[in-house]
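The structure appears right after this line, and notes come after that.
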Amino acid sequence: MARLLDYVPVVGQPIIDDLMLVADKLKGKIVQHINSTAVGGGVAEILNRMVPLLTELGVDSRWDVMKGGEQFFWVTKKFHNALHGKHEEITQRDFDIFMETSRRSIEQLDTYGDIVFVHDPQPIALINKKSANKWIWRCHIDISNPNQTVWEYLRSFVDKYDAAVFSAPSFSQNLPIRQFLIPPSIDPLSDKNKDLPQEIIESVLEKYGIAGDKPIITQISRFDRLKDPMGVIEVFREVKRHIDCQLVLAGGTAADDPEAIEVLGEVREEAQHDRDIHILLMPQNDLEVNALQRGSTVIIQKSIKEGFGLTVTEALWKAKPVVASAVGGIPLQITHKYSGLLCHTIQGAAFAIKQLLNAPEYAKKLGENGQEHIRNNFLLTRHLRDYMLMFLSLYHTENVISFI
Ligand code: UDP
C-alpha cells in the first residue's frame, strides 16, 4: 500500500508538507468513521485509503461497520432511492424496521471517537448516542431533490450533528448546523488507479472475452437502476447502428444493496442475444477494474442520479474520454466539450459516443484535459486536507460555512 511520501511525485512536496502541518494539530484525537459496508460502492472505496493515510499522518483514525440485516438494507435502499427523488412507498413498518436495527446498533456499537464521522443514512440514528464528542454526518448521495417524507425523517437526526458534509453545492440543505462542501476523491496510487503495463490490460480483456479489434464502450457500476444500465444498452444499440463496437457493463454488488441481483437479472435478459454486450459480474478486483477502464475506448456513466461518480473520476484520471449524464457531482468533474461530454438523453449520449469514436484526436484531448482537472481537484491528498481542516474547525466556535 502506498505511503505518504509516494505521493510526492504525483502532487508535489508542498501539498504533502501542508498535510503534515495540519495533521500535527490533530494529534491525540481519535477519528472514528462509521458506514454500513466494508466493500462495494464509493464510500468503502474512499475509506479503504483514507483511514490508513490519516493514521500514517499521525491522526488516530479507525473505521467501524454498522451491522444491518436484509430487511434493514431493503428499507435503507428505499430511503436511498427516495432521497434521489424516486417514488417509493415508505410505510410506518419501514420506519420501524429502520429504528429497530438502529437501536440495536446504538446498544452494540461503541462510539469511542473524539470525532465520530458517520457516512450516509444507514447509520444516521447512531447520533442518539452522542455525548460530549463531535459528530459529523457525511452525505455521499445526491439529495438535490429528495422525497420530503424521508428527508424530513432523516433531518430530525441530521439536526443533532455538529456538522454535515455534502459533495456538491446543489445538495446543501437548510440546516441549523454547519455545512461543508467537500467533494470525494480517488487515490492515484491504489490498484484501481495506478499505471498498468499494456500486457496486464490485454490479459484482463482476454480473460473476459473482450476482443481488441473494435471499440470498447464501458460502464462500470453497481447494478442499480439509478446507474441506468438498461439505458446504456439502448445507447449502445443506437451507436452500433452506425459504428461496429462492443459494450462492457461491469459491476459488482454491495453488501448494503439487496436490489442489485434483481437489476443484474433484468440486464442479463436484455443482453442475452447480443454477443457484443459483455455483462461482467466482477468480484471486488481493483486491478481488473483498472485494466477495464484503461482498455476501453470510451467510458460512459449514464446515471440518472449520482452522488459524485467516482467511476468518472477514475476514468478521467486515466485520460479516457468520458460521456456522462449531467447529474449530481458529475458536472464538477466534466466541463462539457473540455474535459469530457455531458449528456441528458439516450440520443445525446449516443451522439456523443459516435462523435468520440469518429474523432480520436478530439477524444484524446478531452481525456488529457480531464486528467489534469482530476490532478488539481479530486485526488486523495486534497480530500485529506479538507477533512482535517474540517475536524479542526469543529473545535472553533465561529460559524464556518464551507471551505471550497
Ligand atoms: N466499483 C468496483 N467494482 C464494481 C463496481 C464499482 O470496484 O463492480 C467501484 C468503482 O470503481 C468506484 C466505486 O465502486 O470506485 C463506485 O463509486 P461511485 O461514486 O461511482 O458510485 P456508488 O457505487 O458509490 O454509487
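Going through (1) under 20 Å from F378 (Cβ atoms); (2) within 24 Å of the chain's Cα centre (by Cα); (3) open to solvent by 30 Å² or more (accessible area, probe 1.4 Å) one by one, M50 falls short only on (3). Being at positive phi and not charged (D, E, K, R) holds for only one residue in G209, G252, G231, G265, and it is G209. Scanning the stretch 13-30 finds one or more residues that are open to solvent by 20 Å² or more (accessible area, probe 1.4 Å), small (G, A, S) and more than 15 Å from the ligand (Cβ to nearest atom).
Suppose we filter E88, E107, E70 for residues that are more than 24 Å from the chain's Cα centre (by Cα) and open to solvent by 20 Å² or more (accessible area, probe 1.4 Å); which single one remains? Of E88, E107, E70, the one residue that is more than 24 Å from the chain's Cα centre (by Cα) and open to solvent by 20 Å² or more (accessible area, probe 1.4 Å) is E107. Checked against the criterion of being away from the ligand (no atom under 13 Å from the Cβ), touching a residue at least 12 places away in the same chain (Cβ under 8 Å) and surrounded by 18 or more Cβ atoms within 10 Å (Cβ to Cβ), the candidates L332, L342 yield just one match: L342. Please determine whether any residue of the stretch 373-384 is touching a Ser or Thr at 6+ places or on another chain (Cβ under 8 Å), in a helix (DSSP H, G or I), open to solvent by 30 Å² or more (accessible area, probe 1.4 Å) and not hydrophobic (A, V, I, L, M, F, W, C). Scanning the stretch 373-384, I find at least one residue that is touching a Ser or Thr at 6+ places or on another chain (Cβ under 8 Å), in a helix (DSSP H, G or I), open to solvent by 30 Å² or more (accessible area, probe 1.4 Å) and not hydrophobic (A, V, I, L, M, F, W, C), so the answer is yes.
Candidates are the residues of the stretch 260-275 that are surrounded by 14 or more Cβ atoms within 10 Å (Cβ to Cβ) and in contact with a Phe, Trp or Tyr (Cβ under 8 Å, 6 or more places away or on another chain); the one that is farthest from E238 (Cα to Cα) is A260. In the condition set (1) within 18 Å of K77 (Cα to Cα); (2) touching a residue at least 40 places away in the same chain (Cβ under 8 Å); (3) within 13 Å of the ligand (Cβ to nearest atom), G251 is compliant with all but (2).
Filtering the stretch 214-229 down to residues that are crowded, with 22+ Cβ neighbours inside 10 Å and over 15 Å from A260 (Cα atoms), which residue is nearest to the ligand (Cβ to nearest atom)? Selected residue: Q219.
Among residues belonging to the stretch 286-307 that are over 12 Å from Q219 (Cα atoms) and open to solvent by less than 10 Å² (accessible area, probe 1.4 Å), point out the one that is nearest to the ligand (Cβ to nearest atom). Of everything passing the filter in the stretch 286-307, G307 is nearest to the ligand (Cβ to nearest atom). If you go through the stretch 158-178 and keep only what is surrounded by fewer than 18 Cβ atoms within 10 Å (Cβ to Cβ) and not in a loop (DSSP other than H, G, I, E, B), you end up with P169, S170.
Among the residues making up the stretch 187-213, those that are closer than 27 Å to V263 by Cβ and of a type in the set (A, V, I, L, M, F, W, C) are V204, L205, I210, A211.
The residues of the stretch 184-195 that are in contact with a strand residue (DSSP E or B) (Cβ under 7 Å, 6 or more places away or on another chain) and either assigned to a loop (DSSP other than H, G, I, E, B) or of a type outside the set (A, V, I, L, M) (or both), listed by number, are S185, P188, N193.
Taken together, V248, V239, V232, V204 contain a single residue that is open to solvent by less than 40 Å² (accessible area, probe 1.4 Å), of a type in the set (V, I, T), in contact with a Cys (Cβ under 9 Å, 6 or more places away or on another chain) and within 27 Å of Q371 (Cα to Cα), which is V239. Out of all the residues in the stretch 263-281, is one or more near the ligand (Cβ under 9 Å from one of its atoms) and over 16 Å from the mean Cα position of the chain (by Cα)? The answer is yes, given that some residue of the stretch 263-281 is near the ligand (Cβ under 9 Å from one of its atoms) and over 16 Å from the mean Cα position of the chain (by Cα).
Does the stretch 373-384 include one or more residues that are without any contact (Cβ under 8 Å) to a residue 60 or more places away in the chain and more than 15 Å from the chain's Cα centre (by Cα)? Within the stretch 373-384 (the criterion being without any contact (Cβ under 8 Å) to a residue 60 or more places away in the chain and more than 15 Å from the chain's Cα centre (by Cα)), the answer is yes, since at least one residue qualifies. Just to check your reading of the model, which residue among I30, I16, I46 is touching a residue at least 60 places away in the same chain (Cβ under 8 Å), touching a Phe, Trp or Tyr at 6+ places or on another chain (Cβ under 7 Å) and closer than 23 Å to H119 by Cβ? Going through I30, I16, I46 in turn, just one is touching a residue at least 60 places away in the same chain (Cβ under 8 Å), touching a Phe, Trp or Tyr at 6+ places or on another chain (Cβ under 7 Å) and closer than 23 Å to H119 by Cβ: I30.
The values are calculated or read from the model by the stated rules, or taken from the named source; none is laboratory data. What you see is a predicted model, and the numbers here were worked out from it, not measured in a lab. Glycine gets a Cβ as well: all are built from the backbone with ideal geometry, and neighbour counts include every protein chain shown. SASA here: full protein model, heavy atoms, side chains in, ligands and nucleic acids out. Shrake-Rupley method; radii C 1.70, N 1.55, O 1.52, S 1.80 Å.
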